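Shown next, in structure tokens, is the structure this report addresses.
The values are calculated or read from the model by the stated rules, or taken from the named source; none is laboratory data. Remember, it's a predicted structure, so these values are computed and weren't measured experimentally. Here Cβ is always computed from backbone atoms with ideal geometry, including for glycine, and neighbour counts include all displayed protein chains.
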Amino acid sequence: MLEEPDLARDLAAFPSAALTVTELNRNVRDLLEHRYPMLWVRGEISNFVRARSGHAYFSLKDENAQVRCVMFRHRNQHLNWVPRDGIMVEVQALVSLYEPRGDFQLGVEAMRQAGLGALFEAFVRLRDRLQLEGLFDQQKKRPLPVFPRRIGVVTSVDAAALRDVLTTLQRRNPAIGVVIYPTPVQGDGAAGNIAAAIERASARGECDVLILTRGGGSLEDLWAFNDEPLARVIRSCLIPVITGIGHETDFTIADFAADCRAPTPTGAAELASPSRAALRARIKTGLDRLRWRMERDFESRIQRLDQLLRRLVHPGRRLAERNEILVQLRMRLSRGMQRRTDEASWKLQSLIRRTRGRLRQVAEMRRLLDASVERLVAGRRVLLGRAQARVDALHANLEHLGPQRVLERGYSIAQDAAGAVIRDSRLLSLGQELAITFARGSAKTRVESRD
């Protein structure tokens, strides 16, 4: 909380100091601005002057006194009526002092014509009561449709606000349909007519969003929108309601009850309709992102294909590797059989040497030896035959799995210009040249159709 300036205290602190006129006026201004809060003052306008800067200078007077006033441009530009001498007004002002001349004055923040105070008080009472009732709760507000197909407008057909709304909708998105629910927006019975138009729009359900609008005016001109039954009709409407009533500084009960308030009729049309240019920009952004993702995915798939191609082994190379394995197996089998035969022969010779001295019947021993040799030779022949049969079976299976045998059965191999084997017709393009390899010979062809 700001501490109020105390001129007497400042002078007591410096009893011998003399204030300059500027210091005196500044202290008095601070004293006035801190002592008096923002207040309402009633009086008659006199000596009203609007400067080239847009600021308004005038005096407020009654039968006994007057006070100078200034209303700066950013405040008076929102007035929807023209102040002039002789009009009784009520101003909301800050008490101050204009330092350069030492003039006591009021800095006016808002101005209304006298006699509207009772209406404003009635507006505040109704607003507060409906607020406590929960009629204006934000949780009850419905979201506006993002892409409305049809927009309803509740206003007078002669209102300038209707032209502003239609012009804005045509500019932003002419593809959106517009349904007008004509109704008087000022005068006796206007509130009931507006409520009936909203109920009619809700019952017909032909629109996705509803705009309730009219142009600017005084508090009395806008009073039809401060009606309690109208506020309840807005809340019970099945269609989201946007209000664009008066100017940015104008607030009505209908604004609080609506799902969304716009400062002007043009602003209401902008809230209700998506911008065609913005939608095109969003679509372009989405297409750019999609194109980028597709390119990245395509590059990733190409890289994956390159990796798979590097891992892919040509059938001829694979056959050569199998042949090499087969030769190694034959060599290992031959060496193994020779080693086993040598070992058996050595054992036999050792046995002969050992048994020759022990056996007396040399002939019997020789017979046994010959029989053993014959069995050994026969066993070797059987083992070699089995090994040869296994080798022949492996060789036959290898030839059976070779591409040449597949081609002999009537199949052929299709390859593109790079030599890649074609396995999927969806990868072909019309007019593409292909090389066809048959069991005997090859040919070139061109794709004319595909399934």
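Scan the range 64-83 residue by residue and report those that are within 22 Å of Ser96 (Cα to Cα) and of a type in the set (Val, Ile, Thr).
Selection gives Val67, Val70.
Here is a check on your reading of the model: is Ala175 outside any loop (DSSP other than H, G, I, E, B) and not charged (D, E, K, R)?
Here the answer is no, as Ala175 does not meet what is asked.
Please give the number of the condition Val146 fails out of (1) over 35 Å from the mean Cα position of the chain (by Cα); (2) touching a residue at least 40 places away in the same chain (Cβ under 8 Å); (3) in a loop (DSSP other than H, G, I, E, B).
(1) is the only condition that Val146 fails.
Please find, among Val153, Val165, the residue that is crowded, with 20+ Cβ neighbours inside 10 Å and part of a helix (DSSP H, G or I).
After applying the criteria, what remains is Val165.
Could you give me the residue pairs with C-beta distances under 7 Å whose first residue belongs to the range 194-216 and is among the β-branched types (Val, Ile, Thr), whose second residue is in a loop (DSSP other than H, G, I, E, B) wherever it lies, and which are 6+ apart or on separate chains?
From the range 194-216, the pairs are Ile194/Thr183; Ile194/Val185; Ile198/Cys237; Val209/Leu144; Val209/Pro145; Val209/Pro148; Val209/Ile239; Val209/Pro240.
Going residue by residue through the range 59-70, is there one that turns out to be surrounded by 13 or more Cβ atoms within 10 Å (Cβ to Cβ), free of Cβ contacts under 8 Å to residues at least 24 places away in the same chain and within 52 Å of the chain's Cα centre (by Cα)?
Checking the range 59-70: not a single residue is surrounded by 13 or more Cβ atoms within 10 Å (Cβ to Cβ), free of Cβ contacts under 8 Å to residues at least 24 places away in the same chain and within 52 Å of the chain's Cα centre (by Cα).
Here is a list: Arg171, Arg129. Which entry is under 35 Å from the mean Cα position of the chain (by Cα) and either assigned by TED's automatic domain parsing to the domain that holds Gly215 or surrounded by fewer than 18 Cβ atoms within 10 Å (Cβ to Cβ) (or both)?
Arg171
Name, by its number, the condition in (1) surrounded by fewer than 10 Cβ atoms within 10 Å (Cβ to Cβ); (2) basic (Lys, Arg); (3) assigned to a loop (DSSP other than H, G, I, E, B) that does not hold for Arg426.
So Arg426 meets the others, but not (3).
Please find, within the range 14-34, the residue that is farthest from the chain's Cα centre (by Cα) out of those that are modelled with pLDDT of 80 or more and assigned to a loop (DSSP other than H, G, I, E, B).
If we take residues in the range 14-34 being modelled with pLDDT of 80 or more and assigned to a loop (DSSP other than H, G, I, E, B), then Ala18 is farthest from the chain's Cα centre (by Cα).
So for the range 176-183 (the condition being out of contact with any Gly (no Cβ under 9 Å at 6 or more places or on another chain), over 22 Å from Leu144 (Cα atoms) and surrounded by fewer than 20 Cβ atoms within 10 Å (Cβ to Cβ)), does at least one residue qualify?
yes
When you look at Thr249, is it buried (at least 17 other Cβ atoms within 10 Å of the Cβ), touching a Pro at 6+ places or on another chain (Cβ under 9 Å), in contact (Cβ under 8 Å) with a residue 40 or more places away in the chain and not aliphatic (A, V, I, L, M), yes or no?
No.
Could you check the range 35-89 and list, in sequence order, the residues that are at pLDDT 85 or above and of a type in the set (Ser, Thr, Tyr)?
Hits for the range 35-89 are Ser46, Ser53, Tyr57, Ser59.
Check the range 179-195 and report whether any residue there is more than 24 Å from Gly217 (Cβ to Cβ) and in a helix (DSSP H, G or I).
no
So which helices (runs of 4 or more DSSP H) are wholly in the range 231-317 and hold at least 1 residues that are over 24 Å from Phe136 (Cα atoms) and of a type outside the set (Ser, Thr, Tyr)?
Of the helices (runs of 4 or more DSSP H) lying wholly inside the range 231-317, those with at least 1 residues that are over 24 Å from Phe136 (Cα atoms) and of a type outside the set (Ser, Thr, Tyr) span 276-311.
Give the range 78-116 a look and list any residue that's without any contact (Cβ under 8 Å) to a residue 40 or more places away in the chain, surrounded by 14 or more Cβ atoms within 10 Å (Cβ to Cβ) and over 30 Å from Asn27 (Cα atoms), or say none.
Leu79, Pro83
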